[in-house]
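Peer 1: Structure in structure tokens, see below.
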Amino acid sequence: MIKACIFDLDGVIVDTAKYHFQAWRRLANELGFDFTEADNEQLKGVSRMESLDIILQWGGLTLPETEKTELADRKNEWYKALISHMQPDEILPGVTAFLADLRSRDIRVALGSASKNAGAVLGSIGLVDQFEVVIDGRDTTRSKPDPQVFQLAAQALGFSPSECIVFEDAESGIAAALAGGFYAAGVGQPEVLGAAHCVIPGFANITFNDIFVSIFNRQPEQV
Ligand code: B16
Ligand code: MG
């Protein structure tokens, strides 16, 4: 029986990837190189310091830890300024209705994000009250594909992984959900997220029933 849904933030609830891209690109440009939006795909779901390591590799740079921390902090200040202007209309299509559908079915809701800024993003888009539990990059010690972020969310809700569906847009996030014994719903392209139990392009016109039928091949009422 499914008791809860755990949502990734970036790429599932809202598109913060474009703001991460702007801020990281500004940093790369200051360091004397550039990268593309296509390159940025590799940074989705990846923690801040791991993202910096990948970007520095693209620029052919090896830097001491102290300098890396300073660069990550600089990027984060730019990122925080960008997300402070976010508005509720940036919530991805269908998300608000899907959350309301879950509420009407007494399915509990948590957030499981790698971002240390998850609380600030939820505040800007007006969704703080919609998540009973928020586990983010400040709570975790291990990054996806490690399942820790989702395990902490399930524990906080009091459910086992097999009672939860994880919604993720990143391949590493799907891998994390599967490694933890969760049901995994991919949000994006089946070519990238094919390991998930089901894949949707987004939440527009999607109900909990659709997800359930897609995963279990039967109606939720029959469980
Ligand atoms: P921060 P998610 C992830 O969020 C982003 O996809 C990833 O690009 C970012 O580097 C990471 O959060 C850390 O974010 O610098 O704000 O701590 O997809 O796990 O919700
Ligand atoms: Mg994501």
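The values are calculated or read from the model by the stated rules, or taken from the named source; none is laboratory data. These numbers were taken from a predicted model, which means no experiment stands behind them. We place every Cβ from the backbone using ideal geometry, glycine too, and count neighbours over all the protein chains shown. Side chains are part of the model used for accessible areas, which takes the heavy atoms of the whole protein and leaves out ligands, DNA and RNA. Shrake-Rupley method; radii C 1.70, N 1.55, O 1.52, S 1.80 Å.
Peer 1: May I ask you to order 44-53, 9-18 by the average number of other C-beta atoms within 10 Å around their residues, highest value first?
Peer 2: 9-18, 44-53
Peer 1: Quick check of the Kirkwood formula: for segment 13-68, what is the inverse mean of 1/r over all pairs of different Cα atoms, in Å?
Peer 2: 11.6 Å
Peer 1: Right, another one. Grab the beta carbon distance between A100 and T36, set R0 = 35 Å, and tell me the FRET efficiency rounded to 0.05.
Peer 2: 0.40
Peer 1: Could you check the simple spin-label distance between S214 and Q87, using points 7 Å along Cα→Cβ, in nm with one decimal?
Peer 2: Spacing of the two 7 Å Cα→Cβ label points: 3.0 nm.
Peer 1: What's the ranking of 91-99, 24-32 by average number of surrounding C-beta atoms within 10 Å, highest first?
Peer 2: By packing density, highest mean first, the sequence is 91-99, 24-32.
Peer 1: Percent of Cα-Cα pairs more than 21 Å apart in segment 78-223, please.
Peer 2: 45 percent
Peer 1: May I pose another question? On a full-extension model of 0.36 nm per residue, what is the gain between E67 and A195, subtracting their alpha-carbon distance, rounded to one decimal in nm?
Peer 2: 42.3 nm
Peer 1: Counting C-alpha atoms alone, how compact is segment 148-223: give Rg to one decimal and Dmax as a whole number, in angstrom.
Peer 2: In Å, with Rg to one decimal and Dmax whole: 12.2, 33.
Peer 1: Further question on the same structure: Calculate, for segment 17-83, the solvent-accessible area per residue in square angstrom, rolling a 1.4 angstrom probe over the heavy atoms of the protein chains.
Peer 2: 54 Å²
Peer 1: Can you find, among L71, L122, G59, the residue farthest towards the positive end of the dipole of the chain? Put +1 on the C-beta of Lys and Arg, -1 on that of Asp and Glu.
Peer 2: The residue sitting most towards the positive pole is L122.
Peer 1: Accessible area per residue for segment 128-217 in Å², computed with a 1.4 Å probe and the full protein assembly in place, what is it?
Peer 2: Computed with neighbouring chains in place, this is 44 Å² per residue.
Peer 1: Given the DSSP H assignment, sum -39500 (n - 2.57) over each helix run of at least 4 residues in the chain and divide by its residue total; what's the result at 222 nm in deg cm²/dmol, nearest 500?
Peer 2: Roughly -13000 deg cm²/dmol at 222 nm, from the helical runs in the chain.
Peer 1: In addition: Run the accessible area of the chain with a 1.4 Å probe and give the carbon-and-sulfur part as a rounded percent.
Peer 2: It is 49 percent, rounded to a whole number.
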